[in-house]
Each structure stands twice: as structure tokens, then as C-alpha cells.
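The values are calculated or read from the model by the stated rules, or taken from the named source; none is laboratory data. What you see is a predicted model; the values in this text were computed from it and never measured. Because the Cβ atoms are built from the backbone with ideal geometry, glycine has one as well, and the counts that use them run over all protein chains shown.
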Amino acid sequence: MPSTTLLAVVPTQIARIAAIVVGALVLRWIIAVALHRTLRVSLAQAQRIGRGGRAAQSRYEQRARTITSLLGSIASTVIVIIAVLTLMGVVGLPLTPLLASAGVGGLAIGFGAQSLVKDFISGMFLIVEDQFGVGDQVTIGTVNGTIDEVTLRVTRIRDADGIVWYVRNGDITLVGNRSQRPAVVTPAASQPPVDAAPEGSAPGEPGTA
């Protein structure tokens with residue numbers, strides 16, 4: 001009897017495990033396709049509008065790709081965690097001790113890598129809020145120069161002497177961006193008034209004395 005029961009249970013568990021894995025992979029694929037199509041449509045619209053020149057389009061493309069990659073990573077992490085926990089429940093492993101150990105390990109890793117996490121979160125907000133981008137003239141702390149590259153962890157700046165500075169995004173507390181000044185509208189030159197022709201004179205002929 002026990003062997004018969006085991007033979008009846010094992011195929012059911014295998015089928016459930018396969019369904020969970022396939023479901024997780026399909027869900028991740030659907031999210032990846034949706035994000036890719038959204039990114040492609042967004043970049044196509046930006047190129048079609050063509051506002052701000054190549055620098056602005058490159059900056060917009062960088063932001064769009066970064067946000068898309070970030071959303072994809074978050075979705076993958078959530079799907080993997082849910083799938084693993086569901087598989088553990090199907091197999092029959094106790095979840096309470098594992099979750100407690102994971103919580104303690106997560107706290108230890110969090111304390112050890114809190115500066116790295118701070119850099120990534122700060123970099124994400126710098127890009128999403130468009131505080132500066134590649135090619136901008138900025139002042140960050142005591143560094144004045146041009147933005148060469150912006151990543152989630154560091155920002156690379158080149159000053160007037162050609163020195164490249166790497167600033168961790170978590171250390172950026174104050175930014176001055178000279179490239180985001182409002183456009184100055186120059187008033188059109190006033191045209192000299194046209195003298196009205198005296199009464200009785202034909203158009204185009206000088207008036208009589």
C-alpha cells in the first residue's frame with residue numbers, strides 16, 4: 001500500500017512542479033516581451049518627434065533602457081521568489097525555518113552592502129528624475145565638468161583639465177546643472193515706423209510741399 005500511494009503521489013508532484021516552472025517561465029517571457037515592445041515604441045516616438053537633437057535623444061534612450069532593465073530585473077526577482085516558495089510547498093519542505101534563516105541572512109547582507117544599495121537606489125532616482133544626463137555641464141560637490149556616463153552605481157565626470165572623476169551616486173547630495181537653464185527669448189528688432197503718405201499724393205510718389 002505505501003508503495004502504491006507513493007507511486008500515485010510522485011507523478012502528481014512532478015506535474016505540479018513542471019506546471020509551476022513552465023508558468024514562471026511563460027510569465028517572465030510575457031513581461032519581457034511587453035517591456036521590449038514598450039521600449040521600442042517609446043524610442044520610435046522619440047526619434048519621430050526629434051526634439052532636442054541627438055544629445056537629448058541619446059539621453060532619453062539611456063533613461064528608457066535603464067528603467068526597462070530595472071523593471072525587468074524586479075519582475076524576474078519577484079517571479080523567482082514566488083516560484084521557489086511554491087515549489088518548496090509542493091515538495092513538502094518546511095518554510096518557516098527557511099524564511100527565518102533567510103531573514104537573518106538578508107539583514108546581515110543588508111548591513112554589509114548598505115552603501116552599495118544606497119548607490120543603486122540613488123542612481124535609479126537620478127536617472128528617473130532626469131536630474132542630469134550625458135553631456136550636461138554640472139557641478140557636483142567640488143567637481144565641475146561634463147557628464148561622461150551615468151550608471152546606477154557611479155557617475156563619471158570629465159573636468160576642464162581632462163581629469164575623469166568617478167562619483168558614487170549615494171554620495172551625491174547637491175547638484176548644479178548649467179545645461180538645464182531656461183531658454184532666453186530674444187525680442188525681435190523693432191521696425192522703424194513707416195511715414196504715412198500725405199493726403200492727395202499717389203501711392204509711391206513723394207508728397208507735395
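Give segment 126-159 a look and list any residue that's acidic (D, E) and without any contact (Cβ under 8 Å) to a residue 24 or more places away in the chain, or say none. Matches in segment 126-159: E129, D148, E149, D159. Filtering segment 127-154 to residues that are in contact with a helix residue (DSSP H, G or I) (Cβ under 6 Å, 6 or more places away or on another chain) and either more than 24 Å from I67 (Cβ to Cβ) or outside any loop (DSSP other than H, G, I, E, B) (or both) leaves I127, Q137.
Beta carbons closer than 7 Å, at least 6 apart along the sequence or on distinct chains, never pair a first residue in segment 90-115 that is under 23 Å from A18 (Cα atoms) and not assigned by TED's automatic domain parsing to the domain that holds I14 with a second that is modelled with pLDDT of 70 or more and outside any loop (DSSP other than H, G, I, E, B). One residue is enough: does segment 23-44 have a residue meeting the conditions surrounded by 15 or more Cβ atoms within 10 Å (Cβ to Cβ), assigned to a helix (DSSP H, G or I) and modelled with pLDDT under 80? Yes, the conditions are met somewhere in segment 23-44. Looking at G145, G204, G170, just one residue is surrounded by 11 or more Cβ atoms within 10 Å (Cβ to Cβ) and modelled with pLDDT under 90, and that residue is G170. Filtering S122, S101, S58, S69 for residues that are part of a helix (DSSP H, G or I), modelled with pLDDT of 80 or more and not charged (D, E, K, R) leaves a single hit, S122.
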